[in-house]
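Structure record follows, encoded as structure tokens.
Each reported figure results from applying straightforward, stated rules to the coordinates on display, with no laboratory input. For clarity, every value in this text was computed on a predicted model and none was experimentally measured. With ideal geometry, Cβ positions are generated from the backbone for all residues, glycine too; neighbour counts draw on all protein chains shown.
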Amino acid sequence: MGLHRVTGGRTLPQAAPRLDTRPDLWPDEVRIDVERLNLDAASLRQLREQHRDPDAVRAAVLEIITSRGKMQNPVTGSGGMLLGTVSEVGPDSPLGLSVGDRVASLVSLTLTPLVVTDGLSRWDGVHEQVPCAGHAILFGRSVTAVLPDDLPEDLSLSVLDVCGAPALTRRVVEAAPGAAVLVLGAGGKSGSLACAAARESGAGRVVGVVPHADEAARLESAALCDDVLTVDATDPVALRAAVHDVVPGGVGVTVVCVDVPGCEGASVLATADGGTIIFFSMATSFSAAALGAEGLAADVTMLIGNGYLPGHSDYALDLVRRHDGVRALVEGRAP
């Protein structure tokens, strides 16, 4: 679990103020030569809004990594994941990796010991994929995926960053066959994958929500949704009205994949009593979601998308292979 890497208290690595980044391995660890980071969308948006200038964003990310020994935005609490090459494997590692494997980490950078040695000099401070040099440490209970040979690396990294979203969407929709499914942020990476998973898993209707007309046009071209709504998901009254126009009474499943805060109330109002809301966004205030639902007397089940289910990486990559619309939307968001 990486407890020996925690400095300054007895806690799990994700909650630790700082991690020990020394390259020497414990028997069950793996060291990765890092080549690229993929920053969490909510984290990057917050940093860009706070600092504005790309050079300042770059400096802020570098300071976080240097001071904390990991990439964990202090405002959003989120990080991202990485791509690199295995450089050393401890003799007791259970991950099944070999030196030279090209891998993506499927655990958050918020709990991954990380060192950057090039000052992020090749990053533009704008896009979520960050070329860099350095090393990272994976623990015995970390999760990884060996990169596939048939997809570009940047595409694979983008998909693997959010591969928990379609897997949990599939599980929830399969348990509610025929339900109408609403996806907030349907034009993004996790949103487009969730739309495809919902449709494949027996959704009676898939409704995608995006904030702008240009995103709506791209989503309609991808042919992943029965209805595409252009509405501000932070406006609960407007979203409720738009959703109830196409699904009177509200949807059975709502999947929240936005990268902005303030969508909790709208998610609750758009979901029918007895329905389920899955929050994949790291911009979510879970207290606002819980207390808002209570205040509205809304009988909804709210799930935190924790990013892991068995087989989630293979399933997400297969969705991209089988759905040209998903691939087009994901590639359209890459640098």
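For segment 294-328 versus segment 179-252, the spacing of their alpha-carbon centroids is 14 Å. Residues whose amide H falls under 5 Å from that of Val206, counting only those 5 or more places apart or on a different chain, are Val181, Asp226, Asp227, with hydrogens built in the peptide plane. Measuring nothing but how far apart in sequence close Cα pairs (under 8 Å, 6+ apart) lie, relative to its length, the chain scores a relative contact order of 15 percent. When only the Cβ of Lys, Arg, Asp and Glu is charged (+1, +1, -1, -1), the dipole of segment 164-332 relative to its Cα centre reaches about 380 debye. DSSP bridge analysis restricted to the chain gives an antiparallel fraction near 55%, rounded to the nearest 5. Around the Cα centre of segment 3-147, unit charges on the Cβ atoms of Lys, Arg, Asp and Glu (plus for the first two, minus for the last two) sum to a dipole of about 340 debye. Please state the charge dipole magnitude for the chain, taken about the Cα centre, from unit charges on C-beta atoms (+1 on K and R, -1 on D and E), reported in debye and rounded to the nearest 20. The dipole magnitude comes to about 520 debye. Relative to the current alpha-carbon distance between Arg48 and Ala288, full extension at 0.36 nm per residue lengthens the span by 84.0 nm. Amide hydrogen proximity for Gly2: with H placed 1.01 Å from N in the peptide plane, the residues at 5 or more positions away or on another chain lying under 5 Å are Gly140.
Computed extension length for Ala217-Glu174: 12.6 nm, one decimal, from 0.36 nm per residue of separation with the Cα-Cα distance subtracted.
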